[in-house]
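The values are calculated or read from the model by the stated rules, or taken from the named source; none is laboratory data. Note that this is a predicted model, so its numbers are computed, not measured. Don't worry about glycine lacking a Cβ; one is built from the backbone with ideal geometry, like all the others, and counts go over all protein chains shown.
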Amino acid sequence: MAGGTGIVLDERMLAHDPGVGHPERPDRLRVLHSRLADAPGLVHIGARLATEEQLALVHTPALIDQVAATAGRGPVIFDPDTRTSAGSYEAARLAAGGLVGLCDAVLAGEVANGMALVRPPGHHAERGRAMGFCFFNNVAIAAAHLRRQGVARVLIVDWDLHHGNGTQHVFESDPDVLYVSTHQYPYYPGTGAAEEVGMGQGVGRTLNLPVPAGFGDHELGRLFTDVVTPICRQFAPEFVLVSAGFDCDLRDPLGGLAVTPAGIAAMAQACLALAEECAGGRIAAVLEGGYDLDAIADGVDVVLATLRGDRQPVRSVTGDPRRADPLVERVRAAHAPYWRV
């Protein structure tokens, strides 16, 4: 593939340590460093610190100052799930800046596509609030940056087990960013009902697919085939961002879905096909959640294989596509005023 596939992988993000027993632990990246640091055929892109101007595209000055004030200090608790260590502020800036840098490399044609393997994750972070293991909303900052760079329409596909409340709220009134989320529901953080479709000028630009515990490869594949892909084609994005959380994997200790690496591969292939059809192939994925180390490693492997051109047909392992029928109809009904569904 011309330009190759870029990855962002930087050991400085290991310095974020939310404490003993916390699921969002440094080992989530260590397992990827051990597998990918010397992997052939990938273009390594150094992570850079997000600037305050880039953070402010999404976040309030008060939140930026609150997170910055934790630098070099002992634990600061934002909520029961979200706490810092001395290196957390730098890691959070690297996570956001790493994805922004990857997007710039794709825009410049230095790489064809890529994946930012970063932590802490981002999609729960609201404009003025750190929450859910997240301090700065990496994918929202990247989307806002792309818009500033002249990209007319940005698609964000979020297959993390948890709903990306922060990403939805940042863009729910924006007609030029389509946010798509598959997530276990009801579950943390409690947002993401099918009827949440955006507001104001952004009505119809939030596509939530809230799935019950137990859904697997076949059900998620059905949602992508029957709902996600048709709506995204009509939106016609010029850049595709993927919030790639691997807590939807059946091995994840925090989740209740039954997705396997085959299901991840199918979703990744659908996203890449949309990017190739609508966006000149421009796509970048970013690591969100995922707390089983083998599931993270296997998920990243299949996403990178897809980005590098693996077009092998995927055979779904878990689930039954017929179980998705009621949700397909519910989501179609919610979006019938805005799209041909």
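Suppose we filter Pro253, Pro175, Pro189 for residues that are closer than 18 Å to Val154 by Cα, touching a residue at least 12 places away in the same chain (Cβ under 8 Å) and part of a loop (DSSP other than H, G, I, E, B); which single one remains?
Pro175 is the lone residue from the list that is closer than 18 Å to Val154 by Cα, touching a residue at least 12 places away in the same chain (Cβ under 8 Å) and part of a loop (DSSP other than H, G, I, E, B).
Can you name the residue in region 76-104 that is in contact with a Ser or Thr (Cβ under 8 Å, 6 or more places away or on another chain) and assigned to a helix (DSSP H, G or I) and, of all such residues, is nearest to Ala275 (Cα to Cα)?
Per the criteria, the residue is Gly97.
Read through the list (1) without any contact (Cβ under 8 Å) to a residue 40 or more places away in the chain; (2) closer than 19 Å to Leu161 by Cα; (3) touching a helix residue (DSSP H, G or I) at 6+ places or on another chain (Cβ under 9 Å); (4) surrounded by 16 or more Cβ atoms within 10 Å (Cβ to Cβ), then give the number of the only condition that Leu220 fails.
Exception for Leu220: condition (1).
To keep it simple, each residue is scored yes or no on (1) over 21 Å from Asn137 (Cβ atoms); (2) at pLDDT below 95; (3) in contact with a Gly (Cβ under 6 Å, 6 or more places away or on another chain).
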position: Ala262; (1), (2), (3): yes, no, no
position: Cys271; (1), (2), (3): no, no, no
position: Glu276; (1), (2), (3): yes, no, no
position: Ala284; (1), (2), (3): no, no, yes
position: Tyr291; (1), (2), (3): no, no, no
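So if I check each of Ile283, Ile296, which one is touching a Cys at 6+ places or on another chain (Cβ under 7 Å), closer than 23 Å to Ala39 by Cβ and not aromatic (Phe, Trp, Tyr)?
Matching residue, one of Ile283, Ile296: Ile283.
Looking at region 129-167 only, could you name the residues that are closer than 21 Å to Gly299 by Cα and of a type in the set (D, E, K, R)?
Answer for region 129-167, where residues must be closer than 21 Å to Gly299 by Cα and of a type in the set (D, E, K, R): Asp158, Asp160.
Looking at (1) in contact with a Leu (Cβ under 7 Å, 6 or more places away or on another chain); (2) among the β-branched types (Val, Ile, Thr); (3) crowded, with 24+ Cβ neighbours inside 10 Å; (4) not in a strand (DSSP E or B), which is the one condition that is false for Val170?
Status for Val170: all satisfied but (1).
Please name all residue pairs, on different chains or six or more residues apart, with Cβ atoms under 6 Å, provided the first residue is in region 95-109 and is in contact (Cβ under 8 Å) with a residue 12 or more places away in the chain and the second residue is of a type in the set (Val, Ile, Thr) and in a helix (DSSP H, G or I).
So the pair list comes out as Ala96/Ile141.
Looking at Arg311, Arg330, Arg315, Arg340, which is the one that is part of a helix (DSSP H, G or I) and either charged (D, E, K, R) or within 30 Å of Val111 (Cβ to Cβ) (or both)?
Arg330
Hey, Pro75 hits all of (1) over 24 Å from Val300 (Cα atoms); (2) of a type outside the set (A, V, I, L, M); (3) crowded, with 24+ Cβ neighbours inside 10 Å but one; which does it fall short on?
(3)
Filter region 46-63 for residues that are touching an Asp or Glu at 6+ places or on another chain (Cβ under 8 Å) and free of Cβ contacts under 8 Å to residues at least 60 places away in the same chain; which is surrounded by the fewest Cβ atoms within 10 Å (Cβ to Cβ)?
Ranking the candidates gives Gly46 first.
Yes or no, residue by residue, for (1) surrounded by fewer than 24 Cβ atoms within 10 Å (Cβ to Cβ); (2) β-branched (Val, Ile, Thr); (3) farther than 19 Å from Val197 by Cα; (4) touching a helix residue (DSSP H, G or I) at 6+ places or on another chain (Cβ under 8 Å):
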{"site": "Val118", "(1), (2), (3), (4)": "no, yes, yes, yes"}
{"site": "Pro121", "(1), (2), (3), (4)": "no, no, yes, yes"}
{"site": "Asn137", "(1), (2), (3), (4)": "no, no, yes, yes"}
{"site": "Ala140", "(1), (2), (3), (4)": "no, no, no, yes"}
{"site": "Arg147", "(1), (2), (3), (4)": "yes, no, yes, no"}
{"site": "Ala152", "(1), (2), (3), (4)": "yes, no, yes, no"}
{"site": "Val157", "(1), (2), (3), (4)": "no, yes, no, yes"}
{"site": "Asp160", "(1), (2), (3), (4)": "no, no, no, no"}
{"site": "Gly164", "(1), (2), (3), (4)": "no, no, no, yes"}
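Pick from Thr306, Thr229, Thr225: which is surrounded by 24 or more Cβ atoms within 10 Å (Cβ to Cβ) and either in contact (Cβ under 8 Å) with a residue 24 or more places away in the chain or not in a helix (DSSP H, G or I) (or both)?
Residue meeting the stated conditions: Thr306.
Mind checking which residues of region 207-228 are over 11 Å from Val331 (Cβ atoms) and either touching a Ser or Thr at 6+ places or on another chain (Cβ under 8 Å) or not β-branched (Val, Ile, Thr) (or both)?
Pro212, Ala213, Gly214, Phe215, Gly216, Asp217, His218, Glu219, Leu220, Gly221, Arg222, Phe224
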